[in-house]
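Since the structure comes first, as structure tokens, the remarks are kept for the end.
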Amino acid sequence: MDPLPVRTEQFTLEEDIDDEWAVRAETIVNEPSDEEEVKAKVEDARRKLNERYPDANTEDIFTEKNIIKYLRSANWNVVDAMDMFLTSVQQFKDFLPFITAGSPSQLEKVWSKKIVWVSPKRDQWGRRVIIFRLGRWNPSDFSVQQLYTATFSLLQMISLEAVTQVAGTVFVADLQGFGFKHLKALGVEELKCLGSFLSGGFPMWFRKLHIVNNPRLFNMLYTILKGFLGPRIKDNVQFHGYQLPTLLEAVPADILPKDLGGQSNDADIDLSVEALKKNEDRVLAIMEQLKYLSQQ
């Protein structure tokens, strides 16, 4: 497929893909072009999920849009999509404190530090790019649970974008400033939770994880984290060290902040958070649905 121009695109949730992306979806995620085949796979997935939760009220949960989100994240394999859905539910059993530490509007301490955001510009393959600056986090300012919840909420929001469901995302982890205070704050449970997010417990393709400005101390932590990563992401991790030119070869400069060699401005940082707060009710509703099923 030919690359696309890097362009700003509003965070428009749940709009369907256009004709151009319908063609791309056939190649990228094996999306059926035949409407009857789409309906058949959706119904098959819905039937299997209802069998799994026979006593739950699932009418508002197993909607066509929601099932398609999981099917796209599993290349339209019904069994794999169901496994991913069940893993998403399991996260609410295993890691509830890490994903329910506040609503988006209650996490201003996190947003004010400009630690995590989604670029309003899609890259040359139509992917959303998430910037995560762990080194800027001071554990004494707010908890890792709040940091994870903020990140999880942003991911939930962009998972509702049909183009993102097809194109996937790129994760840029900037470790400038990472030190012993971070190492001390990130225990085994925190790493397990992060590994679950990235490895198939979330209905989204993480196409690439770029790690930049990583000190040796972080490399020690990654050795543990790697044990919790599945093949969906483990084989797509690229370490850049302090070599910004290699990062710029992979991620357009228009998307990266200036201190990573890019050209984006501070206004770009706030747009995804503003969109999340605007769509807070929708995002929280999804999280409540998953929490509800985790209690069944």
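Details
- Residue-normalised accessible area of the chain, expressed per residue, 1.4 Å probe, Å²: 45
- With an a/c value of 1.5 or above and a/b not larger than b/c for the gyration tensor axes a ≥ b ≥ c computed over the alpha-carbon atoms, the range 189-296 is described as oblate.
- Gaussian network model of the chain, Cα within-10 Å springs - most flexible of Val273, Val170, Val237: Val237
- Against the chain, whose longest principal axis comes from its Cα atoms, helix 19-28 is set at around 80 degrees.
- Net length gained if the chain between Asp235 and Asp94 were fully extended (0.36 nm per residue, minus Cα distance): 48.3 nm
- Global geometry of the range 1-113, whether rounded, prolate or oblate, following the gyration tensor of its Cα atoms and the 1.5 cut on a/c: oblate
- With each label modelled as a point 7 angstrom along the Cα→C-beta vector, the Gln263-Glu36 pair spans 5.0 nm.
- Label positions at Lys181 and Lys48, each projected 7 Å from the Cα along the C-beta direction, are separated by 4.7 nm.
- C-alpha long axis of helix 216-225 to longest principal axis of the chain, angle in °: 20
- Contact order normalised by residue count of the chain, Cα under 8 Å, 6+ apart, percent: 22
- Inter-label distance for Lys291 and Leu4, nm, one decimal - labels placed 7 Å from Cα along Cα-to-Cβ: 3.3
- Shown is the FRET efficiency for Leu284 and Glu189, computed with R0 = 25 Å from the Cβ-Cβ distance and rounded to the nearest 0.05: 0.60.
- Per-residue ellipticity at 222 nm, computed for the chain from helices alone with -39500 (n - 2.57) per DSSP H run of at least four residues, works out to -15000 deg cm²/dmol.
- Taking a ≥ b ≥ c as the square roots of the eigenvalues of the Cα gyration tensor, an a/c ratio of 1.5 or more together with a/b larger than b/c marks the range 111-228 as prolate.
- In this structure Asp60 has an accessible area near 120 Å², from a 1.4 Å probe over the protein heavy atoms.
- Measuring nothing but protein heavy atoms, the accessible surface of the chain at 1.4 Å probe radius is 49 percent carbon and sulfur.
- Nearest 10 degrees, 0 to 90: helix 188-198 Cα axis against the chain principal axis: 60
- Cα-derived Rg over Rh, computed across the chain with Rh taken as Kirkwood radius: 0.95
- Dipole magnitude (debye, nearest 20) for the chain, charges at Cβ of Lys, Arg, Asp, Glu: 1520
- For the range 219-243, no residue has its backbone nitrogen under 12 Å from a point 7 Å from the Cα of Leu86, taken along Cα to Cβ.
The values are calculated or read from the model by the stated rules, or taken from the named source; none is laboratory data. Because the structure is a prediction, the values reported are computed rather than measured. Note that each Cβ is placed from the backbone with ideal geometry, even for glycine, and that neighbours are counted across all protein chains shown. Just the protein is used for accessible areas: all its heavy atoms, side chains included, with ligands, DNA and RNA removed. Shrake-Rupley method; radii C 1.70, N 1.55, O 1.52, S 1.80 Å.
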